[in-house]
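Heads up: the structure comes next, in structure tokens.
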Amino acid sequence: MEKVQIWTTGLSLALLIFVLQLIRKRYLREQYSLLWLLFCVIIIVFSLNTKLLNWTAAQLGIFYAPSLLFLVGIALCLLLILHLTVVVSRLMERTVRLTQELALMRHDLEKSEKGTDL
Amino acid sequence: MLSASLKVCIIIPAYNEEKSIFHVIRNILRLHPDFTVLVINDGSSDRTEMVAKSAGADVVTLSQNLGIGGAVQTGYRYAAARDFDVAVQVDADGQHKPEELDKILEPIRQDKADMVIGSRFVEQTSYQSSAGRRTGILILSSLVTLFARQPLKDVTSGFRAINRRVIRMFAEDYSTDYPEVDSLIMVKKKHFRIQEIAVEMEQRQSGSSSITSFKSVYYMVKVTLSIMMKSFR
């Protein structure tokens, strides 16, 4: 095992453990953690198995194998960010609905407390 | 009289409009005492809520600012829950004249349209606006005309009446920001009838449009995207 491999394997394992720990402590919901776990597994596999990295790079016509790592890393980052914006959009829709419902219910409550018709 | 039997809800979205809103509400109620005037106070930091209540309006206060679309949709949800026949959106800045309400209500009373837009441009009216704004509206109007397959001119007008069926649709689905234009596409997609009626509008009494020059580029891009997305949905 090369020195750099020990480094990358160690770091990616640390990331995996950190993600699992976040899920265990409920700082991260399982449904949003799947992409992260996938990310960890991919970088661990490539760190341990440089032959696989070289082979995949060759198959894709990439001359310098480590640049495949960057490609995969950036692609996964973009995927994660896209996933996050989808989540934020859904959250926003729900907050709007909640704010509206809350306002309407508070209005009705005030009316009924005053004893007037709704 | 058929008209007297219609339950009409006037929806006024208001964000920090304490200066103008009192007269807007009073003028409407003076001409149409039987209408319900509902103010959606969109998280104002001034006395909009108090002033609107003292003018005789029903006020729903949003705890956070949702933007014009989210506020107006609250009004539609109110109107849908209380089974109103017509909902009319009116601006809080006094731009829309209460005298013109009957004009845009008429096609709905006669069941000739499901949605009526009070328009500044159908006939020559005295309304003045900047060249930039006119160009923007012209571009959007051509886009809507293309995608809705119906010539519509004043597509950004916030003076509009809708009947019960459209109220129900908007209560469920309405854009949060800058909803005026793409809501037209939604309405046409469901095969509802839109009619545009010429109305006189005032110059703004106070405040400024929600569309400032800085935001106008964002506005145009966002609205254009919305129109296309809504068309292909």
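Coordinate-derived values only; no laboratory data. Quick caveat: nothing in here was measured; it's all calculated off a predicted structure. When we count neighbours, we look across all protein chains shown, and the Cβ atoms used for this are built from the backbone with ideal geometry, even at glycine.
Return A:THR9, A:THR99 ranked ascending by Cβ neighbour count within 10 Å, so the fewest neighbours appear first.
A:THR9, A:THR99
Taking Rh as the Kirkwood radius computed over C-alpha pairs, what is the Stokes-Einstein D of the range B:88-169 at 25 °C in a medium of viscosity 0.890 mPa s, expressed in µm² per second? Stokes-Einstein gives a translational diffusion coefficient of 177 µm²/s. Gyration tensor over the Cα atoms of the range A:3-117: the corresponding equivalent ellipsoid has semi-axes (square roots of 5 times the eigenvalues, largest first) of 49, 17, 7 Å. Expressed as an acute angle from 0 to 90° and rounded to the nearest 10, what is the orientation of the C-alpha long axis of helix A:66-114 relative to the principal long axis of chain A? With rounding to tens, the tilt is 10 degrees.
Counting alpha carbon pairs within less than 8 Å and at least 6 residues apart, what relative contact order, in whole percent, applies to chain B?
Relative contact order for chain B comes out at 24 percent.
Partner shielding of B:34-45 amounts to 1, given as the average count of beta-carbon atoms from other chains within 10 Å of each residue beta-carbon.
Straight Cα distances below 18 angstrom link A:LYS51 to the lysines A:LYS3, with same-chain residues fewer than 8 positions distant left out. For the range A:1-32 versus the range A:76-114, the inter-centroid distance based on Cα atoms is 32 Å. The range A:1-61 gives an Rg/Rh value of 1.09, both radii derived from C-alpha positions and Rh following Kirkwood.
Normalised by the number of residues in the range A:1-86, the average gap of Cα pairs under 8 Å and 6 or more apart makes the relative contact order 25 percent.
Our Cα-only numbers for the protein assembly as shown put the radius of gyration and Dmax at 26.9, 91 Å. Only aspartates and glutamates eight or more places from B:LYS7 in sequence, or on another chain, were considered; those with a Cα closer than 13 Å are B:ASP34, B:ASP83, B:ASP85. In this structure, the pairs whose alpha-carbon distance is over 18 Å, taken from B:LYS190/B:LYS222; A:LYS114/B:LYS53; B:LYS189/B:LYS230, are B:LYS190/B:LYS222. Membrane-span-like helices in chain B, defined purely by DSSP H runs whose alpha carbon atoms cover 18 Å or more axially and whose average Kyte-Doolittle hydropathy reaches -1.0, are B:68-81, B:131-148, B:213-231. Sorted on the mean count of surrounding Cβ atoms within 10 Å across their residues, most packed first, peptides B:179-189, B:68-78, A:43-53 read B:68-78, B:179-189, A:43-53.
Between the alpha-carbon centres of the range B:28-81 and the range A:34-51 there is a gap of 55 Å. Going by neighbour counts of Cβ atoms within 10 Å, the residues B:ILE139, A:ILE6, B:ILE11, B:ILE21 line up, fewest first, as A:ILE6, B:ILE139, B:ILE11, B:ILE21. Relative contact order, whole percent, for the range B:25-126 stands at 21, derived from Cα pairs under 8 Å and 6 or more residues apart.
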